[in-house]
Amino acid sequence: KTNLRNLLACLLRTTEKFNEESSGDVGEYLNRVEKEISAITRNRRVGDFKTTAEVIDVVKEKYYRSISGGVKYSGVPSGFARLDNITNGWQKGDMIVLAARPSVGKSALSLAFALNAAKTGKSVAFFSLEMPANQLVERMLSTVGHVPMEMIRKMDFNNGRAKNEMIKFEDATRKLSRYNIYIDDTPGARLIDIQAKARKLKAEKEDLCLIVIDYIGIVTLGNSKITDRQQIVAEISRGIKSLARELEVPIIALSQLSRDIEKRKTDSKAPMLSDIRDSGAIEQDADVIIFIQREDR
């Protein structure tokens, strides 16, 4: 009965909102309804307080489950031992920002994170706003099979020297096809579309353990009246963080660094939080920020 009352209240609020505005983006209405219905189906009581005793029970259960199961990390492993020792794996509800200058290796590293998460047997979502799905899969095959990208792109497996690479390529295709990686390569996707697709996938695949968004700078707000770039990025950042908490899934969001880092007159070109491009909201919303630096840049 409670769920039914909540559902009716949700529909009434949506109708009232529509009647007040008499127009608007259909995607925004659908996104609002989907979000509320998703919370209702999980029987959440939004806004209720929790006692420390209730939370302690959850923490204790998680702790003892990890001990009995021999789990090394409480979160989703990145596949890099030194990083996992610091983060204890990607934690549920966390927003992880991976930032660097262009062509330093953000996409390659995020792909490695996605592959290593998928190796656990769970599902991974990858929103590739810049790179088409076929190029993304080519990169994955290169990584999994240790086959040079140039050879995969040219499909130059005819000469005798490439016979070994052909075997590795075929083996990589078999391995990769077993991984549950779901790719969305819609260019310039809107935040509400990403949220809707992520909720739908989470509903279908309860084992969804990681979401990757490549990258924040290309995500749009759709028909929003906001024109200031910093405010737009702030809204997107908050939306991504909110989605991570709602779905209880870690989200890795890629971000660019500003050109100011190259103009710095000090000997050290090491990135700082203030180097993150477009908005200070990203550094506020993020739970973990990872910078990639190459000494030759």
Taking 0.36 nm per residue of separation and subtracting the Cα-Cα distance, what length does fully extending residue 85 through residue 2 add?
25.6 nm
Most mobile of 143, 52, 227 per a Gaussian network model of the chain (Cα springs, under 10 Å)?
52
Quotient of C-alpha Rg and 2.2 N^0.38 Å, computed over the range 199-263:
1.32
Average Cα contact separation per residue, the chain, under 8 Å, 6 or more apart, as relative contact order %:
25
Let me understand the chain better: what is its radius of gyration from the alpha carbons, and its Dmax, in angstrom?
21.5, 71
Nearest-ten-degree value, helix 163-178 long axis tilted from longest Cα axis of the chain
10
With point charges of +1 on the Cβ of Lys and Arg and -1 on the Cβ of Asp and Glu, referenced to the Cα centre of the range 129-245, which listed residue (186, 140, 243) lies farthest in the positive direction of the dipole?
243
Whole-angstrom gap from the range 103-129 to the range 203-229, using each part's C-alpha centre:
16
Which of 18, 291, 53 sits farthest toward the positive end of the charge dipole of the chain, with +1 on the Cβ of Lys and Arg and -1 on the Cβ of Asp and Glu?
53
Want the number for residue 19 to residue 229: 0.36 nm per residue separation, take away the alpha-carbon distance, what's left?
72.6 nm
Computed magnitude of the charge dipole of the chain (debye, nearest 20; Cβ of K, R +1, Cβ of D, E -1):
600
Roughly how many percent of the accessible protein surface of the range 100-139 is carbon and sulfur, given a 1.4 Å probe and a whole-percent answer?
50
Stokes-Einstein D (µm²/s) once Rh is taken as the Kirkwood radius of the range 49-144 over alpha-carbon pairs, at 37 °C in 0.692 mPa s:
209
Per residue value of the accessible surface for the chain (all protein chains in place, 1.4 Å probe), Å²:
59
Tell me which trypsin sites (Lys or Arg not before Pro) from the range 202-238 have a DSSP coil assignment and no more than 15 other beta carbons within 10 Å of their own.
205, 225
Return the subset of 17/92; 35/175; 168/202; 175/205 for which the Cα-Cα distance in this structure is over 28 Å, preserving the input order.
17/92; 35/175; 168/202
For residue 263, go through the lysines and keep the ones whose alpha-carbon is under 27 Å away, minus same-chain ones fewer than eight residues off.
106
Expressed in nm to one decimal, what extension gain is obtained for the pair residue 137 and residue 59 from 0.36 nm per residue of sequence separation less their Cα-Cα distance?
24.3 nm
Between 0 and 90 degrees, rounded to the nearest ten: what's the tilt of helix 229-247 against the longest Cα principal axis of the chain?
80
For the chain, find the longest principal axis of its Cα atoms and tell me its angle to the long axis of helix 52-68, 0 to 90°, nearest 10.
30
For residue 273 and residue 180, what does the FRET efficiency come to when R0 = 22 Å and r is the distance between their Cβ atoms, rounded to the nearest 0.05?
0.05
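The values are calculated or read from the model by the stated rules, or taken from the named source; none is laboratory data. Here the structure is a predicted model, which is why all the values come from computation and not from measurement. As a convention, Cβ positions derive from the backbone with ideal geometry for all residues, glycine included, and neighbour counts pool all protein chains shown. Ligands, DNA and RNA are stripped out before the accessible areas are found, and what is left, the full protein with its side chains, is counted by its heavy atoms. Shrake-Rupley method; radii C 1.70, N 1.55, O 1.52, S 1.80 Å.
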